[in-house]
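This report refers to the structure that appears directly beneath it.
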Amino acid sequence: MPVPLDVYREQVERQSIRNIRVTRDQLINAMGHLILPDDLLDNLGPAVSAGRSILMYGPPGNGKSSISNGIRDALGDKIFVPFAIEYSGQVITVYDPIVHSKAMVQEDDPHSLRRTGNRFDSRYVLCERPTVITGGELSLSMLDLVYNPNAKTYQAPLQLKSTGGIFIVDDLGRQQEPPQALVNRWIVPLEEAKDILALQSGEKFEVPFDTLVIFSTNFHPNEIFDQAALRRIFFKIKIDGPSQENFLKIFAMVARKKGMPLDEKSLVHLLKVKYPTINNVYANYQPVFLIDQMISICEFEGIPFQMTPHLIDRAWANMFVKDEIIVK
């Protein structure tokens, strides 16, 4: 049976994302596989604990998506998600096995005289806090109710499915819709913690908006938003590329994980010969890319995994495309 909307509102308030307090240790544990600048957790911690919107921006390939997933992993607890809710006689399905990860629940032994304390309202599913991840495919229509004429029910939009959890908008600025239009759609929800949906009849109604929205973009915020929109995004955090010291730490960690022996001469060649050609701009994706390239070459040549200046040069050649005019 669907849960009446008023009852659902009360349930959302009891398990609100804004009630969560994420500690530094939880963030470190969730992102222990990432090498991050010392001050980044100082900025992320308050943002996540506030349960407010976050904009992460900076050059591509520096882990914005990985950090978003780490925030999701840091939440760690469980909530109750209704199979469906009901408003004005209309049924809106909420539970989605693609979005919601069902938690393990101990089943009662039918032969036992005593029941466990794991019983709860069977109109709900006990789930991990949900995470919706969208990228360039996100459109405004995905944020509206979808009517199923055969079942005569509505499908909840993405932001309603993510209630109590995280909504990640990755690669903001790559969508068909302008970034400003997407944020304009969320101005009221971000400010007032409520969203407005419309039935086929045109009747509009309010639903809770209890979601930690994380926008991730490679563009500078001033290029894609006006100041009114930026004001409504509570936290703005720049994700820069690593320092040379952190780059070497990432390189060594990836090499060890992939079984690639480090070679001092090759690393000196990389840092003193190759990186000056791009003004010593480091990115977090580059160690994985370079090492994977060298592994592929070694496997093709039938030689043991090794790191040499020559292999560094061959791997580097695939990381960038030289500017040139192609004669058609």
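Observations, loosely collected:
- Amide proton proximity set for L145, modelled H, under 5 Å, gap of 5+: A198
- Out-of-range pairs (alpha-carbon distance over 24 Å; input K64/K249; K257/K322; K102/K161; K249/K274; K161/K194; K236/K258): K257/K322; K236/K258
- Counting only aspartates and glutamates at least 8 places from K204 when in the same chain, those with an alpha carbon closer than 14 Å to its own are E86, D144, D195.
- Sequence-ordered 3J(HN,Hα) estimates for the range 148-163 from the Karplus curve with 6.51, -1.76 and 1.60 and θ = phi - 60° stand at 9, x, 6, 7, 6, 10, 9, 9, 5, x, 4, 5, 6, 5, 8, 3 Hz, glycine and proline given as x.
- Cβ-based exposure ranking for I312, I71, in which fewest neighbours within 10 Å come first: I312, I71
- Cα gyration tensor, the range 244-319 - rounded (a/c under 1.5), prolate or oblate: prolate
- Residues with amide H under 5 Å from that of K236, placed H, sequence gap 5 or more: L55
- Each part gets one Cα centre, and for the range 46-110 versus the range 198-271 those centres are 19 Å apart.
- In the chain, a dipole from Cβ-located charges (positive for Lys and Arg, negative for Asp and Glu) runs towards its positive end, and of P178, H269, S216 it is H269 whose Cα lies farthest in that direction.
- Packing, as the average of other Cβ atoms within 10 Å across residues, places the peptides 153-163, 13-23 in the order 153-163, 13-23, highest first.
- Modelled spin labels at K322 and S88, positioned 7 Å past Cα toward Cβ, are 6.5 nm from each other.
- Environment charge of L44, counting only residues whose C-beta is closer than 15 Å and scoring Lys/Arg +1, Asp/Glu -1: +1
- Amide H contacts under 5 Å for T131, placed H, 5+ residues apart: I166
- The magnitude of the dipole of the chain, with charges of +1 and -1 set on the Cβ of Lys/Arg and Asp/Glu and taken from the Cα centre, is near 280 debye.
- Residue by residue, the range 212-220 carries 3J(HN,Hα) couplings of 7, 8, 10, 8, 10, 8, 8, 8, 5 Hz when phi is fed to the Karplus relation 6.51 cos²θ - 1.76 cosθ + 1.60 (θ = phi - 60°); x denotes Gly or Pro.
- For the range 10-160, the square roots of the Cα gyration tensor eigenvalues, ordered a ≥ b ≥ c, give a/c of at least 1.5 with a/b no greater than b/c, which places it in the oblate category.
- Relative contact order for the range 244-319, counting Cα pairs under 8 Å that sit 6 or more residues apart, in percent: 39 percent
- Calculated [222 nm] ellipticity per residue, helices only, for the chain: -10000 deg cm²/dmol; basis is -39500 (n - 2.57) per DSSP H run with n ≥ 4, divided by all residues, nearest 500.
- Cβ-based net charge around Y57, under 14 Å, with every Lys or Arg adding one and every Asp or Glu removing one: 0
- Couplings 3J(HN,Hα) for the range 81-96, derived from phi with the Karplus relation 6.51 cos²θ - 1.76 cosθ + 1.60 (θ = phi - 60°), are 10, x, 4, 7, 10, 10, 9, 6, x, 9, 9, 10, 6, 10, 5, 9 Hz, where x marks Gly and Pro.
Read-outs: derived from the displayed coordinates by stated rules, not from any lab. Only a predicted model underlies this, so the values are computations on that prediction, with no experimental measurement involved. Glycine gets a Cβ as well: all are built from the backbone with ideal geometry, and neighbour counts include every protein chain shown.
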